[in-house]
Structures are given as C-alpha cells and as structure tokens.
1. Using every alpha carbon pair in the stretch 19-64, what percent of pairs falls into each 10 Å bin from 0 up to the bin containing the largest distance?
2. Given a 1.4 Å probe and the protein chains all in place, what does the accessible area of TYR109 round to, in Å² to the nearest 10?
3. Provide the per residue accessible area, probe 1.4 Å, for the stretch 73-142, rounded to a whole number of square angstrom.
4. Not counting ligands, DNA or RNA, and with a 1.4 Å probe, what is SER31's accessible surface area in Å² rounded to the nearest 10?
5. So, in the stretch 39-181, how many Lys pairs have Cα atoms under 21 Å apart, if the pair is 8 or more places apart or on different chains?
Amino acid sequence: PASKYQILNGGFESGSLAGWDLQGDFGRVVSDDTWWAEKLPYNKCGKFLFSGLDNEGGTGTLTSSLFEVGGSGWITFRLGGAHDPRFCYVSVLKENGEEVARYGNLLFYDAGLGKVNKGTNLANMVVYRADVSAFMGEKLRIRITDNATSNWGLVTADSFITYYTEDDIDRFPPNSVEAINLLTCANGVPQNEYQVANGNFEAGISPSGEIPGWEKEGDIG
C-alpha cells in the first residue's frame, strides 16, 4: 500500500515504470511467467517484473522514488541475471545520491539447463533481504545498474519491498537470502575462505609499495 516507507510501484504491478526513472535502454516491464523456449520460470511475484533478457547489450540505470527507512529497517527484493556484480547490481542511495549499500546477485550460477533448470540461477530471480536499519528515519532510493553487455550482463528484478515491521521479519519471502553489502568488502568482492584476497588487484599499491593480499618476490612486474 502507498506509504512514505514504501517505494512507488516496487513490484512493477502498474505494468509500467511509473515511479521509476529509467536512464539508458537495458530492460522493460514484462508480464511473462517464463523465459526462453524451455519455459524456465522467472520466479516473479505478481503479474509483472522488470527484465533485460531481450536486451543484454543495453546499459543504464533504473532509480526508484524515495522511501523513509522505518519499522524493522529490513528490505527485500528479487534479482536475477547480473553475473558480474562489479557491473550489474542493486544500490541503496541517500537522498543526496551517496551510495550507502550495493548488492549483487552472488547466487548466480550456471549449471546448465537440465530438465527443470535444477541448480542454475540465471534469469530466474533469487529473493534477497537486506538490513538498512543503520539509516533509520532517513530517506533513501533504490537504483538498479547495468553496465555490462555480455556474459549474462543483464538484470531481472521484481518485488522491492522497503518496509517490514518487527513482526514481519519472521515472515520474509520463503527461501530469502541475506544480501551482502559489497561496499564493505575489499575490492567489491566478498571475502571468505574460498576467495583470494584482492584477486583482481583493484586495491592498487599501498603507500609502502606492497600489493595488498599478495607477496611479491623478485622483479616480475
């Protein structure tokens, strides 16, 4: 329902981009339940969703209306595609445009189509939940960014819900996954036991001339 705590048309159920500002050309609102000839489910909520599946080469941004952080401070959304989170992601912005959180589709996985697309997360959307309670009472926006043109450089998205009460958090969408704020990760890559630190060298060189996360011996580069 309409509320200062909820972005306008967060589920695209108007059948249009009403309430959103589209810059560029990288997707549109569709009512399809499935994608490709194999009729794989989008995992949408409601009748409509935003899909860039038929325009992978397009780039741009899609920005929501403002919402005030309230209730429990949790938000949820559905995100598919977006293979490389460095180029395709969902951001949370302050009213002045400052980016305070960035979420990628970290569960993207291509295991092949198989008979029922089992084990694969491609254009079929994953349900994510994120805690933005640190900005309680502030006004924020959601922005979808697509800066990729290949290798699943597209976005499918749906059902941006920006208000939950404390009681509601026990009723998050089934199978929701807690999103990781990539802005808090070194080099925009979640750090864990399976990931090489600074694997893309985006941390640059430290003031002492060292390469963070790497040990260099000799003069090889």
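1. That works out to 25, 50, 24, 1, in percent per bin.
2. Here the accessible area works out near 130 Å².
3. On a per-residue basis, 43 Å².
4. Surface open to solvent at SER31 totals about 60 Å².
5. On the way: LYS39/LYS47; LYS39/LYS115; LYS39/LYS118; LYS44/LYS115; LYS44/LYS118; LYS94/LYS139.
Qualifying lysine pairs in the stretch 39-181: 6.
The values are calculated or read from the model by the stated rules, or taken from the named source; none is laboratory data. Only a predicted model underlies this, so the values are computations on that prediction, with no experimental measurement involved. Accessible surface areas use protein heavy atoms only, side chains included; no ligands, DNA or RNA. Shrake-Rupley method; radii C 1.70, N 1.55, O 1.52, S 1.80 Å.
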